[in-house]
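Remarks on the structure that follows.
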Amino acid sequence: MSNQNNKALDHDLSSARLIRDVATKAAIKAGRIIKQYWGESTNSLEVKHKSSWRDMVTVADKKSEEVILKIVRESFPDHQIISEEGGGTEVSPIQSINNSPNTSKYKWAIDPLDGTTNFRHSYPFFCVSIGVLFEDKPLVGVVYNPIQDELFTAIKGQGAYLNGQKMSVSKVATLRDSLLVTGFAYSINELQKSSMELFKELSFATHGVRRDGAAALDLCYVAAGRLDAFWEYGLHIWDIAAGALMVEEAGGVVTDPIDGNLDLFGNKILASNALIAEELISKIQNSQKLHAGAVS
Ligand code: IPD
Ligand code: CA
Ligand code: CA
């Protein structure tokens, strides 16, 4: 490799490290704010409902988002931002202020509080998730669980870390010996119903299937080897941008459970340690065939 290419790589890596550091600062600061609200009453949490009575947002989601956006904008004023409570559109606040298209190649996909239902019930499984894409491909992932003080970070090509220790996916080689996790989106549509069928089938075919309630953390747990695979239908880019990179960088694989290649902007994901991927995909596809009528 020429010196010039080396320089380009160094430059990319140092940019990625800077982005990771800013994302980490934001996630930790936001996580600490969320923790201060944890265990408060419904009234103090100012619970509001979004798409349905089950889809909630609290003052902690909002305060977390506020602090993250401030930190990101200060460091990278021209980067595009997709943040859940900001409306969840691809139109960044900067774009709407300037009234001009945002041409930045960097996109921040932010979930200021992943696991709001858990948080609302004082169930200690939630996190802040920040994923940064470069030309729509994952570059950096940062997920922070403020209750356990666990910080998950990854940079494309540089591995994934939990509190500074390198993570690896599990070595479980058969579905029979695996522990899986899934989630169900707030809206119950035909795809969700078929995922529930899969939940049933896999519950009997494995050591068990968890439903922990925070997709970004579910993905980090697969990366850390605590769980062997995760699937869910009905997710958004802010749920998976950070966690998908974490799994890949820890040696796992991420795909679309039905259509093969993962589209981060699609709404479904299957993440697993590479060893059980094939067996799991074939189970999912058989289940899909069986419930074909249920899925459009
Ligand atoms: C939700 C959580 C949950 C998943 C839902 C997500 P939120 O995110 O990740 O585990 O099952 O599909 O919407 O609303 O708590 O940020
Ligand atoms: Ca979420
Ligand atoms: Ca959220």
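Go through segment 232-244 and give me each residue that's buried (at least 24 other Cβ atoms within 10 Å of the Cβ) and either more than 16 Å from ligand 3 (Cβ to nearest atom) or part of a loop (DSSP other than H, G, I, E, B) (or both).
Hits for segment 232-244 are Tyr233, Ala244.
A quick yes/no check of all residues on (1) within 17 Å of Gly131 (Cβ to Cβ); (2) at pLDDT below 90; (3) charged (D, E, K, R); (4) in a strand (DSSP E or B):
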site: Glu65; (1), (2), (3), (4): yes, no, yes, no
site: Ile68; (1), (2), (3), (4): yes, no, no, no
site: Val72; (1), (2), (3), (4): yes, no, no, no
site: Asp78; (1), (2), (3), (4): no, no, yes, no
site: Ile81; (1), (2), (3), (4): yes, no, no, yes
site: Ile94; (1), (2), (3), (4): no, yes, no, no
site: Ser100; (1), (2), (3), (4): no, yes, no, no
site: Ser104; (1), (2), (3), (4): yes, yes, no, no
site: Ile110; (1), (2), (3), (4): yes, no, no, yes
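Is one or more of the residues making up segment 272-294 within 19 Å of the chain's Cα centre (by Cα), within 27 Å of Leu139 (Cβ to Cβ) and within 16 Å of ligand 2 (Cβ to nearest atom)?
No, every residue in segment 272-294 fails to be within 19 Å of the chain's Cα centre (by Cα), within 27 Å of Leu139 (Cβ to Cβ) and within 16 Å of ligand 2 (Cβ to nearest atom).
Could you tell me which of the residues Ala185, Ala216, Ala274 is away from ligand 3 (no atom under 16 Å from the Cβ) and of a type in the set (A, V, I, L, M)?
Checking each option against the conditions leaves just Ala274.
Test Gln192 against the stated conditions and say whether it is free of Cβ contacts under 8 Å to residues at least 40 places away in the same chain and among the polar types (S, T, N, Q).
no
Only residues in segment 196-207 that are part of a loop (DSSP other than H, G, I, E, B) count as the first member; pair them with residues that are modelled with pLDDT of 95 or more, Cβ under 7 angstrom, at least 6 apart or cross-chain, and list the lot.
Every condition considered, the pairs that remain are Thr206/Leu175; Thr206/Arg176; Thr206/Ser178; Thr206/Leu179; Thr206/Leu180; His207/Asp177; His207/Ser178; His207/Leu179.
Which residue out of Ala224, Ala185 is outside the structural domain of Ile81 (by TED's automatic domain parsing) and at pLDDT 95 or above?
Ala224
For segment 231-252, does any single residue satisfy the condition of being more than 15 Å from Pro138 (Cβ to Cβ), within 16 Å of ligand 2 (Cβ to nearest atom), in contact with a strand residue (DSSP E or B) (Cβ under 7 Å, 6 or more places away or on another chain) and hydrophobic (A, V, I, L, M, F, W, C)?
There is at least one residue in segment 231-252 that is more than 15 Å from Pro138 (Cβ to Cβ), within 16 Å of ligand 2 (Cβ to nearest atom), in contact with a strand residue (DSSP E or B) (Cβ under 7 Å, 6 or more places away or on another chain) and hydrophobic (A, V, I, L, M, F, W, C).
The values are calculated or read from the model by the stated rules, or taken from the named source; none is laboratory data. All of these numbers come straight from a predicted model, not from anything done at the bench. Don't worry about glycine lacking a Cβ; one is built from the backbone with ideal geometry, like all the others, and counts go over all protein chains shown.
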